[in-house]
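The values are calculated or read from the model by the stated rules, or taken from the named source; none is laboratory data. If you're wondering where the values come from, they're calculated on a predicted model, not measured in any experiment. Please note: Cβ atoms are built from the backbone with ideal geometry, for glycine as well, and neighbour counts cover all protein chains shown.
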Amino acid sequence: MHRKYIIPALVVLIVMSVQLIQSENQHLSFFLTSAGPGNGADLGGLAGADAHCQKLASTVDSGTRTWRAYLSTSPIGNQEAINARDRIGRGPWYNAKGVRIAKNIEDLHSNNSKLSKEHSLSEKGVVINGRGDKPNQHDILTGSKSDGMAFTDSKDHTCGNWTSHDKGSAQVGHHDRQGGGQDPTSWNSAHGSRGCSQENLQGTGGNGYFYCFAVE
């Protein structure tokens, strides 16, 4: 092909690629964090976790949306419980590849949702390690029951409402829907973690990851 035709063709391809990426980013409304803050289950509370979601979303040009972490908190003192399902908007939610993982809250917490290792992608569209991979990182922090509600018993299911990297435990789900625990196929409530430190989270198959949702 003559050079005078090649350059315009390349420009068109570049513009189309940019438009495709922008379109995907506009659709992005759900992701699994590609990294945790690095301090175990001490996320800086819900505010710190939300800020982490916002920061990661900004790296892929989706920071103009309001992002919330899918995390519950327990009633401590005068502090009332907060349910993860009440924090994340109404849906629908799409992953980085444009796949709709759920159309609304009820769909998200039903067998119809597409949450799985294949579809629970990071903000960059990358598949996160699951059972059988090295290292296994399928434990996802939620502090929630399977319906997205907070625990209201006297046990610690949230590592001190996401402020502890030492004592306590966190309820986790399996993003790959397999493994051990009381409910191994649950994406949000499979079992409790061994502890709250980064080392203990890794020891039970996690890495301090959590789910992020765009609320609008």
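What pairs come up if the first residue lies in segment 195-216 and is surrounded by fewer than 23 Cβ atoms within 10 Å (Cβ to Cβ), the second is acidic (D, E) and assigned to a strand (DSSP E or B), and their beta carbons are under 7 Å apart, counting only those six or more places apart or on different chains?
T204/D139
Anything in segment 26-50 that is closer than 20 Å to W93 by Cα and not acidic (D, E)? List them, or say none.
From segment 26-50, those closer than 20 Å to W93 by Cα are 26-34, 49-50; that's our starting set.
Residues satisfying the conditions are Q26, H27, L28, S29, F30, F31, L32, T33, S34, A49.
Does segment 139-180 hold any residues that are in a strand (DSSP E or B) and charged (D, E, K, R), and which are they?
Step one: of segment 139-180, the residues in a strand (DSSP E or B) are 139-141, 144, 150, 158, 170-174.
Matches in segment 139-180: D139 only.
Which ones in segment 161-170 are among the small types (G, A, S) and either crowded, with 24+ Cβ neighbours inside 10 Å or more than 16 Å from P37 (Cα to Cα) (or both)?
G168, S169, A170
Give the residue that is surrounded by the fewest Cβ atoms within 10 Å (Cβ to Cβ), with candidates limited to residues of segment 98-138 that are part of a loop (DSSP other than H, G, I, E, B) and basic (K, R).
Filtering segment 98-138 for residues that are part of a loop (DSSP other than H, G, I, E, B) and basic (K, R), the one surrounded by the fewest Cβ atoms within 10 Å (Cβ to Cβ) comes out as K134.
Looking for whichever is modelled with pLDDT of 95 or more and under 15 Å from the mean Cα position of the chain (by Cα) here; the options are T142, T158. Which one fits?
T142
Go through segment 186-216 residue by residue and tally those that are closer than 22 Å to K134 by Cβ and either among the polar types (S, T, N, Q) or not in a loop (DSSP other than H, G, I, E, B) (or both).
Count: 15.
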